[in-house]
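Have a look at the structure below, then the notes.
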Amino acid sequence: MTRALSPIYASAMLCAGALAGASASAQSPADFYKGKTVNVLIGVGVGGEYDLHARIVARHIGKHAPGAPNFVPQNMTGAGGAKMAAYLAEVAPKDGTNIGMIANNFPAMQAAGLDVIRFDLGKFQWIGSISPTVETMTVTKAAGISTIEEARSKEIIVGATGKGAITYSFPAMLNEFLGARFKIVPGYPGGNQINLAMERGEVQARNNTWSSWKVTKPDWIKNGDIRILAYAGPAPKDLPGVPNVVDLVKSADDKRTVELIVSGTMLGRPLAFAGDVPADRLAAIRAAFVQTMKDPEFLGEADKLKIEVDPVSGEDMQKVVANVLATPKNLAARARTIIE
């Protein structure tokens with residue numbers, strides 16, 4: 001038979017629990033993180049920009065974080081990164097020991113009401129990004145065009161991975177809002193396979209980030225084998241005369257819809273906590289990220305890897321996500337037809 005606690009003993013136990021909770025909440029970030037491992041979860045496979053950015057940050061941020069914890073990158077693939085983000089939001093401890101490298105199109109997908117996003121990105125606590133991205137619509141020289149205007153009068157075959165991916169939604173957006181005639185062929189496993197298809201002449205165009213082109217195919221740029229028709233994101237200094245997609249769209253509603261579709265460019269390759277991580281730990285890791293972006297060793301490695309460093313702060317990312325999620329429902333519904 002279980003013996004009932006005496007009122008005095010029960011009161012003592014409650015006081016002890018309250019003191020333990022107070023002690024834990026009063027623990028400084030340095031005390032908490034000392035000897036800890038911070039998991040840097042990556043929702044896609046090894047080798048792409050998301051993986052590369054997560055791993056270089058993980059290699060350097062620990063020395064700037066209070067308590068010098070060990071940051072360990074781990075790939076958790078599935079559903080284009082949604083499996084990892086759901087794990088971060090719903091399963092992983094919310095104590096500051098789990099950071100996710102989040103797909104930058106997820107806020108737009110949530111705003112558009114896509115079923116794959118079953119977590120609230122408005123509750124995520126954004127840490128930072130090495131740089132925003134510049135998405136491009138690119139054609140081969142063999143396509144015989146060099147402007148969006150010419151893409152309205154000639155069918156161009158575009159290689160893509162699949163619906164829901166930026167390789168599909170970017171040319172689909174140009175068809176919808178600018179009257180381009182891109183014939184999109186999905187099903188390629190990844191960007192390398194699309195590039196091979198371009199070399200073989202199977203396709204004549206693809207979406208890709210400008211930074212990826214400069215790292216993976218600098219010879220194509222130098223030799224004039226590819227031409228950039230338009231871009232989305234911050235204005236790149238080394239693409240003079242190439243138009244921004246948003247500037248090509250006429251009506252205010254169309255502009256807002258296009259801005260939603262390409263909103264991921266402003267987030268780059270974003271790192272985030274799920275909600276409910278203690279505010280002092282969030283502030284500490286955000287500060288560590290800022291210091292990492294100035295670290296000579298980090299900058300030296302980034303230069304060797306040809307990673308452009310133009311940091312986006314967690315605070316700015318928080319505002320971008322809030323603005324995306326506030327898109328009027330009628331405009332988000334139109335965007336859904338492009339990005340789902």
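Taken together, the values in this text are just the output of simple stated rules run on the coordinates, not laboratory data. This structure is a prediction, so every number in the text was calculated from the model and none was measured. Don't worry about glycine lacking a Cβ; one is built from the backbone with ideal geometry, like all the others, and counts go over all protein chains shown.
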For every other residue with a beta carbon closer than 10 angstrom to the beta carbon of residue 110, add +1 if it is Lys or Arg and -1 if Asp or Glu, then tell me the sum. 0
Reachable aspartates and glutamates from residue 250, Cα under 17 Å, same-chain residues fewer than 8 places away excluded? 149, 176, 259
Exposure proxy check: 87, 50 ranked by fewest other beta carbons within 10 Å? 87, 50
Counting each DSSP H run of 4 or more residues in the chain as -39500 (n - 2.57), what helix-only mean residue ellipticity at 222 nm follows after dividing by all residues, to the nearest 500 deg cm²/dmol? -13000 deg cm²/dmol
97, 209 arranged by Cβ crowding within 10 Å, fewest neighbours leading: 97, 209
Cβ-derived FRET efficiency at R0 56 Å, residue 141 paired with residue 329, nearest 0.05: 0.85
Quick one: if the Förster radius is 45 Å, what FRET efficiency do residue 237 and residue 31 give, using the C-beta to C-beta distance and rounding to 0.05? 0.50
For a footprinting-style exposure proxy, rank 212, 129 by other Cβ within 10 Å, fewest first. 212, 129
Counted charge near residue 43, where neighbours are those whose Cβ lies closer than 15 Å (Asp, Glu -1; Lys, Arg +1): +1
Over the Cα atoms of the range 30-176, what is the Rg over Rh ratio if Rh follows Kirkwood? 1.07
Rh by Kirkwood over Cα pairs, then Stokes-Einstein D for the range 135-264 at 1.306 mPa s and 10 °C, µm²/s: 109 µm²/s
When the Cα centres of the range 30-80 and the range 90-107 are compared, how far apart do they sit, in Å? 11 Å
Say each of residue 319 and residue 340 gets a label point 7 Å from the Cα, pointing the same way as Cα to Cβ; how far apart are those two points in nm? 3.3 nm
May I ask you to evaluate 6.51 cos²θ - 1.76 cosθ + 1.60, the Karplus curve with θ = phi - 60°, for each residue of the range 264-279 and list the ³J(HN,Hα) values in order in whole Hz, giving x for glycine and proline? x, 4, 6, 9, x, 10, x, 9, 8, 8, 6, x, 6, 5, x, 4
Counting only other residues whose beta carbon sits under 11 Å from that of residue 275, what net charge do I get with K and R as +1, D and E as -1? -1
Which listed pairs, of 163/304; 163/329; 36/304; 214/237, have C-alpha distances above 23 Å, in listed order: 163/304; 36/304
Kirkwood hydrodynamic radius (Cα pairs, Å) of the chain? 21.6 Å
In nanometres, what is the gap between the two model label sites at residue 248 and residue 216, each 7 Å from Cα along Cα-to-Cβ? 2.1 nm
Compute the whole-percent fraction of alpha carbon pairs in the range 191-303 spaced more than 18 Å apart. 67 percent
Could I have the simple spin-label model distance between residue 70 and residue 116, label points 7 Å from Cα toward Cβ, reported in nm to one decimal? 3.4 nm
Taking amide hydrogens as modeled 1.01 Å from N in the peptide plane, which residues meet the under 5 Å criterion relative to residue 44, leaving out close sequence neighbours? 76
